[in-house]
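The values are calculated or read from the model by the stated rules, or taken from the named source; none is laboratory data. Keep in mind that what you see is a predicted model, and the values were worked out from it rather than measured. Cβ placement follows ideal geometry from the backbone for every residue including glycine, while neighbour counts extend to all protein chains displayed. Accessible surface is based on the protein model in full, side chains and every heavy atom, while ligands, DNA and RNA are left aside. Shrake-Rupley method; radii C 1.70, N 1.55, O 1.52, S 1.80 Å.
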Amino acid sequence: MKETTRFMMLLAWLSISAFTLTSCLNSDDDEDEIVPALMTEAEISNYLSTFSGYHLGNLKVFFQNEQGKQDSATVSTPCTVSLDKKVTFSEFPVSILKNYIKGEGSQELREALEAKEDMPMVVNMKDFWNITNNTTGASNKFFYIIPNNRKLEFTLNYGGKEHQAVINFTESVDIGGYSFASQGMVDEKTKKLQMMFIISSFTVDNYIEVSYASVSYSDI
């Protein structure tokens, strides 16, 4: 395979836990040509109309450490997709990050996260792509996403004082030779929404507690 543009294609949604992307959009084999194309506004509007409205999905956090990939418990969370390219979570569970706060001295922080109420979060959908296999005629649509303002900020109370916590989001990250991006798609047969958010860091009082994690969302 050869690299074409900086835009990454979702080759296979092997599982919601690993949205494996690659920038190898075209094969050296002329019999298997993959062609990416940005969708027009009319195509985007038609696409959004197929899955706008209320969704109920499962959220799970994935985190890579020296022992391998770890994941959190699943949390069922509703969201609403609007025609103005936004996904709104009225109750985004920031408490799911508690699984990755390690060390005996972090017990109070973990307890504070667990007790933290869910927060509203709005996600922008952008750069809608249609990927076509010219050989088979098969196509898939996906879109890049980024939470508004790229971070969630909130206060945690423990140890007798307030602490400022920040979840920082990023559009994409390269890890171990693979590129991962905050993005989503809809299964055209089931109409189920799937998304992944990349967290670049989770900090408390400017101290990095988690340096990388991904949050998956998949309609139930």
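Summary of values
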{"read-out": "Simple label model, 7 Å out from Cα along Cβ direction - residue 33 to residue 208, nm", "value": "4.3 nm"}
{"read-out": "Computed over region 111-181: relative contact order in percent, which uses C-alpha pairs under 8 Å that are six or more apart", "value": "24 percent"}
{"read-out": "Sites residue 174 and residue 122 - FRET efficiency at Förster radius 41 Å, r taken between beta-carbons, to 0.05", "value": "0.95"}
{"read-out": "Subset of 116/189; 60/189; 126/161; 126/189; 60/161; 86/161 violating a 32 Å alpha-carbon distance limit", "value": "116/189; 126/161; 86/161"}
{"read-out": "20 Å reach of a label modelled at residue 161, 7 Å along Cα-to-Cβ, counting backbone N of region 75-112", "value": "105-112"}
{"read-out": "Candidate residues 98, 161: accessible-area rank, largest first, probe 1.4 Å", "value": "161, 98"}
{"read-out": "Separation of the residue 188 and residue 133 label points, Cα + 7 Å toward Cβ, nm", "value": "1.3 nm"}
{"read-out": "Surface accessible to a 1.4 Å probe, per residue, for the residues of region 40-129, Å²", "value": "51 Å²"}
{"read-out": "23 Å Cα-Cα threshold exceeded, pairs from 85/151; 85/141; 151/192", "value": "151/192"}
